[in-house]
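Okay, so here's the structure we're looking at.
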Amino acid sequence: MIRINLLPHREEKRRERKNAFYASLVASVLTGGVIVLGVGSYFGTQISNQQYRNAFIKGENAKLDLQIKEIASLKQEIDALKARQQAVEDLQSDRNQPVYLMVELVKQVPEGIYLRSLKQTGQRVVLNGIAHSNERVSELLRNLGNSSSWLERPELVEIRSTPIGTKDARKAFDFTVNVGIRRARDKEANAQTPVPALQNVSAPGAPATGTPPPAGNPAAPKS
């Protein structure tokens, strides 16, 4: 016997599929909302942590800036103290400069030169005098520049011929020289500078200095 289902089964299945679709749609929306809320909460936490780190770094940078300012002020105070200390040491060493100057002038002024006046301004000394000839002035400049341990960098400011005594008398030369005087610390620094050793150079065909002569009897003179 054949059984025929006369109920509207197609509409029933369609309604079941529609209900399942709506249920899955609602579940997808809820799942998406939960995921969005979770991701948003995660990124919000990360942003909050990063902002806290940034605020901490800014605070530490501000502390470092204050410490750098304190160090800079301390360096300035140290430099000022060193400058004052150096000024005091220079004043103490400069008290003996007139003595050194007079001793060096006695050593370095050659014969034929007579100094009339000298004036010191800072570390420069102006010498005024009379010389018998230009060669004497040149010798004085060489002595001051090369032979003196206290005087340096001589400069000839002026030289002119001037008569001495009557018109028929010989003429002399009035000159003005400007020379620098070293401080004691400059002299010590200059003395500590190493000077390269000079090698002995022998004449062509002659034995080097300090080398013993070759062994053997000297050649007999020709008859």
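All of the numbers you see were taken from the coordinates with simple rules; none came from a lab. Keep in mind that what you see is a predicted model, and the values were worked out from it rather than measured. As a convention, Cβ positions derive from the backbone with ideal geometry for all residues, glycine included, and neighbour counts pool all protein chains shown.
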Provide the packing ranking of 114-125, 53-64, i.e. peptides ordered by the mean count of other C-beta atoms within 10 Å per residue, highest first. 114-125, 53-64
Order by neighbour count: Ser148, Ser24, fewest other Cβ atoms within 10 Å first, most last. Ser24, Ser148
In whole µm²/s, the translational diffusion coefficient that Stokes-Einstein assigns to the range 97-192, given a Kirkwood hydrodynamic radius over C-alpha pairs, 10 °C and 1.306 mPa s, equals 114
What distance in nm separates the simple spin-label points at Arg142 and Asp65, each placed 7 Å from Cα in the Cβ direction? 6.7
Given H placed 1.01 Å from N in the peptide plane, which residues other than close sequence neighbours of Ala172 have an amide H under 5 Å from its amide H? Thr162, Ile164
